[in-house]
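One structure is given here, and the rest of the page talks about it.
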Amino acid sequence: MPKEMQELQKQWHSMVQSIHSNSNVVAFMNSRVGQYLDDYPFVALSLLMFIAVSAIPVAFFLIFVVTTAIIACVGVIIMEGVVIAIGGIALLCVLCGLGALSVGVSGVLSVCYVILSTLVNYWYASRDEIGKQEANGSLPQKSPSVLDLSADNGKNE
């Protein structure tokens with residue numbers, strides 16, 4: 001058993017020597033913080049334990065932050081897509097309604113145009129016919145079956 005312990009101690013000593021001979025460790029130990037931690041090993045051990053113990057919660061927090069940020073970005077993109085889709089559908093409905101309204105109004109105006117133009121053409125055609133008959137001197141005679149109310153009105157007064 002002591003031989004295995006001595007072997008373990010040699011491995012430990014060689015690992016510590018490799019750490020102490022590392023250039024980054026030497027530079028750190030020569031700094032003011034390294035000198036302070038070398039003078040107060042309890043503070044160094046407490047700091048080392050704090051870093052080791054807090055690494056897992058900090059990692060979980062960072063994972064949570066990154067995941068939340070990614071989900072928020074994806075959620076915003078999805079929400080934006082949903083809002084744009086709903087807005088597009090609403091715009092399509094409004095434009096279809098306006099198209100139907102314009103077709104209806106156009107139909108009504110076309111019918112009104114045809115009716116008015118027919119009435120105006122009929123009115124001008126009848127006036128033109130009356131004017132031609134006056135020019136020829138042959139006015140159409142009123143038929144006796146039609147009552148002349150204007151003559152009756154003059155007699156009643």
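Under the rule a/c < 1.5 gives rounded, and otherwise a/b versus b/c splits prolate from oblate, where does segment 1-63 land using the Cα gyration tensor? In terms of gyration-tensor shape, oblate.
Can you tell me how segment 1-135 classifies by the Cα gyration tensor, rounded, prolate or oblate, using a/c under 1.5 as the rounded cut? Note, shape of segment 1-135 comes out prolate. The long axis of helix 2-20 is offset from the longest Cα principal axis of the chain by roughly 60 degrees. Of the residues Val114, Leu91, Gly75, the one whose Cα sits farthest toward the positive end of the charge dipole of the chain, with +1 on the Cβ of Lys and Arg and -1 on the Cβ of Asp and Glu, is Gly75. In this simple spin-label approximation, Leu116 and Ile130 carry label points 7 Å from Cα along the Cα→Cβ vector, and these lie 2.3 nm apart. Helix content alone sets the calculated 222 nm mean residue ellipticity of the chain: runs of n ≥ 4 DSSP H residues at -39500 (n - 2.57) each, divided across all residues, give -31500 deg cm²/dmol. The string of couplings for segment 90-99 from the Karplus curve (6.51, -1.76, 1.60, θ = phi - 60°) is 4, 5, 4, 5, 5, 5, 5, x, 5, x Hz, one whole number per residue in order, with x for Gly and Pro. Within the accessible area of segment 1-143, the carbon and sulfur atoms contribute 74%, probe 1.4 Å, all protein chains present. The charge dipole of the chain, taken about its Cα centre with unit charges on the Cβ of Lys, Arg, Asp and Glu (plus for the first two, minus for the last two), comes to roughly 380 debye. Backbone phi angles across segment 124-134, fed through the Karplus curve with coefficients 6.51, -1.76 and 1.60 (θ = phi - 60°), yield HN-Hα couplings of 5, 5, 5, 5, 5, 5, 5, x, 5, 5, 5 Hz in residue order; Gly and Pro are listed as x.
The values are calculated or read from the model by the stated rules, or taken from the named source; none is laboratory data. Just so it is clear, the structure is predicted and the values come from calculations on it, not from any experiment. Cβ atoms come from the backbone with ideal geometry, glycine included; neighbour counts cover every protein chain shown. Just the protein is used for accessible areas: all its heavy atoms, side chains included, with ligands, DNA and RNA removed. Shrake-Rupley method; radii C 1.70, N 1.55, O 1.52, S 1.80 Å.
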